[in-house]
Amino acid sequence: MRKQIVAGNWKMNNDLAQTETLITELKMQYSPQDAEIMIAPSFTNLWQSFNTLKDHAIEVIAQNMHFAESGAYTGEVSASMLKSIGIQTVILGHSERRAFFYETDELLAKKVNAALQNGLRIIFCFGEELKDRKSGNHESVVESQIKNALFHLEASAFENIVLAYEPVWAIGTGETASPEQAQDMHAFIRKTLANKYGKETSESISILYGGSVKPNNAKEIFGKPDVDGGLIGGASLNAEDFFAIVNAF
Ligand code: PGA
């Protein structure tokens, strides 16, 4: 059975006090789940969040990291720094990192390697832009994003990788991919993985959907056979909405 996962990506939202308030609200909303639940606060609030949720089933994860182990990279945080405060999972390749911080497939391959070498689990994000969808190139764009950043890995590495398909045109726009569009792409991703690594690997990897998942559409999207959960932006900033999404499983 593939793991079901709902991860909240808080992005650059919530100062320390707001982070503490939201975590308290999340704890109140929480009930035991089959799905793994994760939240990704900003770097400045990771340590505090991690400690507050240390003995709780909600996992605190990071939004990003640098590929180098240490050194002259002003403003950056390494995989081993994340590990040293107890973080086990990192999001890599989010479309905002690709668009605003010029992260390329090549750079992401280095980050993937560094995360795995440090024993971190990765939520690896990718997805096409609107122009790719309109021109019918969405599958080939996604295929090359996956190949360029991940296909140098051994099959065993995928035990520590979760994929997140996030069509750029659906992120923060209120426009979601239809459940059918999500299913079609997830099935395509699984097929792409199967061609390279075989069916066992492709069937065991969790593939999340991200892009305007809300309480009113989560059930239909999560109901699709190849959708194993969601990466949630906006709606993860509200405890009630976030748990309404978690409970959609
Ligand atoms: P959204 O963000 O839910 O606000 O569209 C999703 C994401 O960026 O992961």
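The values are calculated or read from the model by the stated rules, or taken from the named source; none is laboratory data. All figures in this text were calculated on a predicted structure; none of them were measured in a lab. When the accessible area is computed, the model is the full protein with side chains, heavy atoms only, and any ligands, DNA or RNA have been set aside. Shrake-Rupley method; radii C 1.70, N 1.55, O 1.52, S 1.80 Å.
Cα-Cα over 18 Å: which of Lys111/Lys147; Lys27/Lys54; Lys54/Lys214; Lys110/Lys131; Lys3/Lys110; Lys3/Lys199? Kindly include the intermediate steps, with their values, before the conclusion.
Values: Lys111/Lys147 15 Å; Lys27/Lys54 12 Å; Lys54/Lys214 27 Å; Lys110/Lys131 27 Å; Lys3/Lys110 26 Å; Lys3/Lys199 16 Å.
Over 18 Å Cα-Cα: Lys54/Lys214; Lys110/Lys131; Lys3/Lys110.
Would you mind pulling out the separation of the Cα centroids of the range 74-127 and the range 1-41, in Å?
19
If you take the Cα Rg of the range 152-226 and divide it by 2.2 N^0.38 Å, with N the number of residues, what do you get?
Working: Rg = 13.2 Å, N = 75, 2.2 N^0.38 = 11.3 Å.
That ratio works out to 1.16.
Please give the solvent-accessible surface of Arg2 in Å², to the nearest 10, using a probe radius of 1.4 Å with every protein chain present.
50
For Glu36, which sequence-distant residues (separation of 5 or more, or a different chain) have an amide H within less than 5 Å of its own amide H, given hydrogens modelled in the peptide plane?
Gln4, Ile5, Val6
I'd like the accessible area for Ile37: 1.4 Å probe, protein heavy atoms, all chains in place, Å² to the nearest 10.
0
Less than 13 Å apart at the alpha-carbon level, and either on another chain or at least 8 residues along: which aspartates and glutamates does that give for Lys224?
Glu180, Asp184
Sorted by accessible area (1.4 Å probe), largest first, how do Tyr73, Tyr209 line up?
On the way: Tyr73 100, Tyr209 0 Å².
Most to least solvent-accessible, the answer reads Tyr73, Tyr209.
As a test of the formula, what do you get for the chain when each DSSP H run with n ≥ 4 contributes -39,500 (n - 2.57) and the sum is divided by the residue count, at 222 nm and rounded to the nearest 500 deg cm²/dmol? List each step's numbers first, then the result.
Numbers: 11 runs with 102 residues, N = 249.
-11500 deg cm²/dmol, from helical runs alone.
Residues with amide H under 5 Å of Ile91's amide H, sequence separation 5 or more or different chain, H placed in the peptide plane at 1.01 Å from N; which?
The list, which skips near neighbours in sequence, is Ala62, Gln63, Asn64, Ile123.
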